[in-house]
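What follows is one structure encoded as structure tokens, with my remarks underneath.
The values are calculated or read from the model by the stated rules, or taken from the named source; none is laboratory data. All values derive from a computational prediction rather than experimental measurement. With ideal geometry, Cβ positions are generated from the backbone for all residues, glycine too; neighbour counts draw on all protein chains shown.
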There are 2 protein chains.
Amino acid sequence: MIDPRIAVIADRMKGIKRIIAVSSGKGGVGKSLVASTLALILTREGHKVGLFDLDFTSPSTHIILGIEGVQPKEDKGIIPPEVNGLRYMSITYYSGDLAAPLRGNDVSNILIELLSITRWEKLDYLILDMPPGIGDVTLDLNRLIRNTRFLIVITSSQLAFETVKKLTSLLAEMKIKVIGVIENMKMEKSDAIKKQTEKLGLKFLEEIPYDPKVEEAIGNADKLLRTPFAKKVEEASSAM
Amino acid sequence: MIDPRIAVIADRMKGIKRIIAVSSGKGGVGKSLVASTLALILTREGHKVGLFDLDFTSPSTHIILGIEGVQPKEDKGIIPPEVNGLRYMSITYYSGDLAAPLRGNDVSNILIELLSITRWEKLDYLILDMPPGIGDVTLDLNRLIRNTRFLIVITSSQLAFETVKKLTSLLAEMKIKVIGVIENMKMEKSDAIKKQTEKLGLKFLEEIPYDPKVEEAIGNADKLLRTPFAKKVEEASSAM
């Protein structure tokens, strides 16, 4: 079936230099926190940055960044509002805090719709907060946007690593480039995850200790940027 | 569209007394660990228990319980093998450890297929390990199986609570009964989650402190049953 919106997407994205999809094998590893913080750090460094929350069934970057009371402007498409210095796009502009039960078909449809209407204009970086694991968005993204590179967030748990193995083997099959792996919420000293990551042929970017300050900083971008967690994300970012 | 398999499901499930779906607003809160441990505890108490991993895109109960080298038997359907004293069913019997990228349609289809072929026979409890959040499985389940009650696992994070609010409001809309809420991986003293849970009109069952012993017990059901975590799940279970 021909979807006329798909032809528009490449044109909408052509002013974007680098696209980084922040992903994880499973949920709850701090993926959205890493994506939001990375976007804030790149903005502070003087880059033009967009942040797009693609975790439609469980969006959280708007809560992390404390984004309230803004709406995109309509002008031959949708112009994402600038919040905390970055251009921010999320399904929550439209769904609010209502329960949005979405089937896979809806997810694909929303992805295509938002990609085809959003006017990012010129960006140095577009950061995508992906849904965890391998689902419709991950499968569609490769078809819809070229040159997306994946940044993978993981915790020290063996369970999380098993799911990352599946995700990275799928990305390899789809010939998608993985920038590297960040080990988040680390509680104990161990290089087990680092070793296993490197065995998969992936770059181990950084380990981030569990940081209790992060929970208090939720909803406040400035506070978040001052956490030890953000310092570590910055180090990971310069290693990319 | 009429799917002849749907008519079979009620018949397949008729010997099951109680169905408990272990769910969460977001991933990474320990949902699969709670589901697996609850199934083990009910088995130890002398009940006939089945455990069905419905987190098709990211199954993990087989890793938690260390299930390897078993396969269901085919006999006018599929008979789930008995492992650790409970009847265990998972998509991993068929997909192995391969990356299984599934779209929403595939997920619905696998759910219907597995429900219609699996012969649980007589069970006191069937524990379902649900995928996190609200997706195809949650939406289909209500249509396919009556009388499922939800047990919700959450962490102390405000982010996790926001997603639980969405999940429980959807469950209320669908008139699905929620047994209660377990707060898992608690690191600091605070009754914030308990208060908010009760404000939603839900029963707060138990708080479970973060237990570093759990990671070492992954893959070993006996070891898992001896953790402080399991003791807490047992207390939650008797409060249900």
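A compact table of results
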item: One residue from B:Thr43, B:Thr61, B:Thr37 being buried (at least 19 other Cβ atoms within 10 Å of the Cβ), touching a residue at least 24 places away in the same chain (Cβ under 8 Å) and within 11 Å of another protein chain (Cβ to nearest Cβ); result: B:Thr61
item: Count of residues meeting criterion [of a type in the set (Phe, Trp, Tyr) and part of a loop (DSSP other than H, G, I, E, B)] in segment B:34-86; result: 1
item: Residue within segment A:118-131 that is more than 16 Å from the chain's Cα centre (by Cα) and aliphatic (A, V, I, L, M) present; result: no
item: Within segment B:197-235, tally of residues that are within 14 Å of chain A (Cβ to nearest Cβ) and touching a residue at least 40 places away in the same chain (Cβ under 8 Å); result: 6
item: Test set (1) in contact with a Pro (Cβ under 8 Å, 6 or more places away or on another chain); (2) in a helix (DSSP H, G or I) - A:Arg12 fails condition number; result: (1)
item: The one condition in (1) aliphatic (A, V, I, L, M); (2) over 21 Å from B:Ile63 (Cα atoms); (3) not in a loop (DSSP other than H, G, I, E, B) that B:Leu224 fails to fulfil; result: (2)
item: Odd one out for A:Ile179 among (1) surrounded by 17 or more Cβ atoms within 10 Å (Cβ to Cβ); (2) within 14 Å of chain B (Cβ to nearest Cβ); (3) out of contact with any Asp or Glu (no Cβ under 6 Å at 6 or more places or on another chain); result: (2)
item: B:Val29 being modelled with pLDDT under 95 and more than 16 Å from the chain's Cα centre (by Cα); result: no
item: Among (1) within 14 Å of A:Ile9 (Cα to Cα); (2) within 14 Å of another protein chain (Cβ to nearest Cβ); (3) in contact with a Lys or Arg (Cβ under 8 Å, 6 or more places away or on another chain) - the single one A:Thr118 does not satisfy; result: (2)
item: Yes/no for B:Met89 being crowded, with 20+ Cβ neighbours inside 10 Å, away from chain A (no Cβ under 14 Å) and within 30 Å of B:Lys232 (Cβ to Cβ); result: yes
item: A:Thr118, sole failed condition from (1) touching a residue at least 24 places away in the same chain (Cβ under 8 Å); (2) closer than 27 Å to A:Phe161 by Cα; result: (2)
item: Selection from segment B:180-214 of residues that are over 25 Å from A:Leu102 (Cβ atoms) and of a type in the set (A, V, I, L, M, F, W, C); result: B:Ile182, B:Met185, B:Met187, B:Ala192, B:Ile193, B:Phe204, B:Leu205, B:Ile208, B:Val214
item: Set A:Lys14, A:Lys31, A:Lys26, A:Lys48: member being of a type in the set (Lys, Arg) and within 22 Å of A:Ile112 (Cβ to Cβ); result: A:Lys14
item: Pick from segment A:114-165, criterion modelled with pLDDT of 90 or more and charged (D, E, K, R), ranking: surrounded by the fewest Cβ atoms within 10 Å (Cβ to Cβ); result: A:Lys122
item: Test: residue in segment A:149-156 that is assigned to a helix (DSSP H, G or I) and in contact (Cβ under 8 Å) with a residue 12 or more places away in the chain; result: no
item: Residue selected from segment B:46-58 under the condition more than 12 Å from the chain's Cα centre (by Cα) and away from chain A (no Cβ under 14 Å), by the criterion surrounded by the fewest Cβ atoms within 10 Å (Cβ to Cβ); result: B:Gly46
item: Looking only at segment B:183-217, and only at residues there that are part of a helix (DSSP H, G or I) and among the hydrophobic types (A, V, I, L, M, F, W, C), the one that is nearest to B:Gly30 (Cα to Cα); result: B:Val214
